[in-house]
Each structure stands twice: as structure tokens, then as C-alpha cells.
1. Among V304, L258, P286, flag the residue with its Cα farthest along the positive direction of the charge dipole of the range 239-313, charges on Cβ as +1 for Lys/Arg and -1 for Asp/Glu.
2. Which one, Y229, Y168, P140, projects farthest toward the positive side of the charge dipole computed for the chain from Cβ point charges (K/R +1, D/E -1)?
3. For a quick check of your reading of the filter: which chymotrypsin sites (Phe, Trp or Tyr not before Pro) in the range 132-177 sit in a DSSP loop and have no more than 14 other Cβ atoms within 10 Å?
4. Whole number please: convex hull volume per residue of the Cα set in the chain, in Å³?
5. List the lysines whose Cα sits under 17 Å from the Cα of K158, skipping any in the same chain fewer than 8 residues away.
6. With a cap of 13 neighbouring Cβ atoms within 10 Å, and only residues DSSP puts in a loop, list the GluC sites (Glu not before Pro) found in the range 36-108.
7. Using only the alpha-carbon atoms of the range 1-76 as identical scatterers, what base-10 log of I(q)/I(0) does the Debye formula give at q = 0.12, 0.16, 0.20, 0.23 Å⁻¹?
8. Reachable lysines from K45, Cα under 23 Å, same-chain residues fewer than 8 places away excluded?
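No value in this document is a laboratory result; all are computed from the given coordinates. Model, not experiment: these values are computed from the prediction. Using ideal geometry, Cβ is built from the backbone for each residue, glycine included, and neighbour counts are taken over all protein chains shown.
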Amino acid sequence: MYEEFTGKHFITLQNWTKDEIDTLLSVSTDLKNKFKNGEIIDYVKNQTAFLMFFEQSTRTRNSMEAGITQLGGHAHFLDTSTMQISHGEVAKDTAIILSRYGHAIACRNCFWGIGNKYLNDLAKWSTAPIINMQCDLYHPLQAIADLLTIKEKFGETKRKKISIIWTYATSHKKPISVPLSQALLFPRYGMDVTLAHPPGYELPNWVIAKTKENAKKSGGTFTVTNDQYSAYSDADIVIPKNWGDWVTNPDKATGGELLDANRHWKCTEERMALTKDRAIYMHALPADRGNEVEDSVIDGPKSVIYDEAENRLHTSKAVMALTMKSNYTG
Ligand code: CP
């Protein structure tokens, strides 16, 4: 039953069917229970995953490293600035060689217009599965952990109002890959998805079209608005988070007039009061506290950020246990 996953690339959940994603969720829950019960598992014993990072990470790196250790294998952390990539070595050569040495290649490359192409180039040449640890377009490891968290909190996802809301932040110009992956995935689970942002922070047109198509197929809905209040109003789930204006302005510099003009896009207690009583607040983290969100919200009763971050471990393990040469049988 699980053999069909061996070698499958995990670059975007758009290339995974709903049945495959359901299996990924059930394996995540199984591995989570086994972890809580202290069971020793060795589904990828003695196997190596190479973790290539072009950028910083706390959750992704550590959930992958801890995850493969718990599965009986080993991770190599690769800071790409110390690899021959920095002297121009191409994805083809890196992919062929690393996949001869080990059993999975995971990569984070968020450079706008480059990252996803790089991942696909690796996938073209690698004989091992490629796992996307975030690129300029997708962050499937985050989206699947978010979906698991929502299912744990609500059980049924159909017709839940979930709002992906842009917020102000100054830390750095963040990729669009988190909201993009969430927008594409959640309608497939019948949710009513609202995407709210100020003018200038649009997601690509093809994402809007694909998200509408995903919603239509599953009985959910998809609404795009420039009104943050309507996004909070009566929501079951809110995900207020910053992303950069990459689509309208590919310059990688942080800041500028557009950003400054939208300081008022912040998740506040007042706005959270518009959500349902049992609503939850989610954030992929790291959060720009004080700018994106008030401390009283992110540390408040509706916040599930630590459960969400914990689920990065269990879902990452499920991705590796399924796609690597695994002896997982359930
Ligand atoms: N959410 C997330 O991907 O966190 P890191 O950047 O710390 O990996």
C-alpha cells in the first residue's frame, strides 16, 4: 500500500492527489502517536537525507534532522555557501552525486524566480526523492503541518471559514510560499478560504485561478479581498502573516512606501474579537511580534502556534517515511 510513494518527489502538494495527502496525514498521526508512546521505529534505518539550505531555518531544519534520527536514519546539514554551488556547480551535478551517496535530497531555496526551478532541476536528475523545505513558490511541509493541526482542532474541515491575512512586518522580505501553499491546499478540504491583503501584495494570477478550481471541485469557496475586517469576521481559523510584494515588485530589498502605508494590517485583540468564540490563531513562525501580531494574541487562548510547530516534526517524518526506501507498513 505504501510502496507507491517510494521515490515520489515532495515539491508541491499540487502534485499529490487528495488520497495521497490523506495517507500522508494518517501516517503523520500514526508517527505522532508512536513518538508520544516512546516507540523506537527504524523505518529508514541507516539511510541518509541531505538537507541543503540556501537560507536560515529553525523549525524546518530541526524537524527534519530530529525526524530522520527518530526514523533510524541520519541527516547531513548542508549550508550551500560551503558547497561548490557557491563556485557555480549546477543542480544536475549536485543531484546526481548526492543521490548516489544517499536516499533523499531536501532543499530550501527561496530566491524569487530561482528556487522552484532549482528544486525541479534537482528532481530531473536525482534518483532519490526531492523534498521541498521551502522555495519561492511553495512550502508544502508547512502546509501539511497546518492541515494536520486544523484537522486535530476541528475534526471536520468542510465549510470552515479560514482566512489567510497579510500583516505588516519589518524583519525581511518574506516569500509568498506559505500563503500560496495554504491557499491551494485548504479549498481541497472543502474549506471557505478568504485571502485578504492590501493592494500590491497579490499572489500570482495562476494561483488565484488554480485555487478557485480547487474550491469548485471540493465544494469550498475562495474569496479575495482588500478588507481585513471581513476576513476576521466570523472566521474559524485565521492565519495573519506577512509576505513580500514579490509579484508586483521583484526587488529583494525590505521596506518602502507600500509597506509603510500598511502598518495597520496587524492582528490585534480587537480584530480577533470578530472571529468565532472557538476560533484559532495560526502562524508558521517566526513571527514579527509587535508588528504582525500583538503579544496578547499570539500568547493568548486562541493561539495554537506551538501545536502547529510541533506538527512540523510529525509531518516531516511522514514525508520521509513514505518517500524514502522505507519499511513502514502502518
Ligand atoms: N515555518 C518555518 O518554515 O520555519 P523555519 O523558517 O524556522 O524553518
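1. V304
2. P140
3. none
4. 125
5. Reachable lysines: K18, K212, K216, K217, K276.
6. E39, E89
7. One equal scatterer on each Cα of the range 1-76 leads to -0.40, -0.73, -1.14, -1.37.
8. K8, K32, K34, K36, K317, K325
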